[in-house]
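Student: Dumping the structure here so I can ask a few things about it.
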Amino acid sequence: MTGPTTTVPPAFRMGGTTPPITAPGPGPGRTWTTDDILVTHGATAALAAVALAMIGPGDRVVIPEPAYSLYADLVVLAGGTVDFVPLAPDLHWDLDALAEALPGAAMMIFSNPSFSKTYAMTDCGWAT
């Protein structure tokens, strides 16, 4: 080998010779376009981009817990405050507690599956 080497792939470029990113969207007749997609160099960068773009000083953000600690760190970094809402004993969302916490919140951040218990919400859990 000659020259510098790295295990990091070259940066992804939108436009030019790169084909546009499109995929089926979240509903009938909806398609994602490059205007809908933010390409980052990892999940942490994506979370930081969303938090810093969407959360302002004094914004209250609801986070069901247990949760990945980075969520609260990013909220505080963006100037917001965190309102933790514990999961129910069966590790599902405590819907009454969320209903009480969500009014006035700027955002809710959650993970699926839940970070520490690796519980994944099912279709039934989302519809509840």
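Student: Tell me, yes or no, whether segment 108-119 has at least one residue that is at pLDDT 85 or above, aliphatic (A, V, I, L, M) and surrounded by fewer than 17 Cβ atoms within 10 Å (Cβ to Cβ).
Tutor: yes
Student: From the set of residues in segment 58-97 that are hydroxyl-bearing (S, T, Y) and modelled with pLDDT of 90 or more, which is farthest from M108 (Cα to Cα)?
Tutor: Within segment 58-97, the match that is farthest from M108 (Cα to Cα) is T81.
Student: Of the residues in segment 59-109, how many are free of Cβ contacts under 8 Å to residues at least 24 places away in the same chain, aliphatic (A, V, I, L, M) and assigned to a loop (DSSP other than H, G, I, E, B)?
Tutor: 1
Student: Let me spell it out: the conditions are (1) modelled with pLDDT of 65 or more; (2) surrounded by fewer than 10 Cβ atoms within 10 Å (Cβ to Cβ), and A105 meets all of them except one. Which number is the exception?
Tutor: (2)
Student: What number of residues within segment 34-57 satisfy the criterion of being modelled with pLDDT of 95 or more and in contact with a strand residue (DSSP E or B) (Cβ under 8 Å, 6 or more places away or on another chain)?
Tutor: Here the count works out to 1.
The values are calculated or read from the model by the stated rules, or taken from the named source; none is laboratory data. This one's a predicted model, so the numbers in the text were calculated from it and none came from an experiment. No Cβ is skipped: glycine too gets one built from the backbone with ideal geometry, and neighbour counts run over all protein chains shown.
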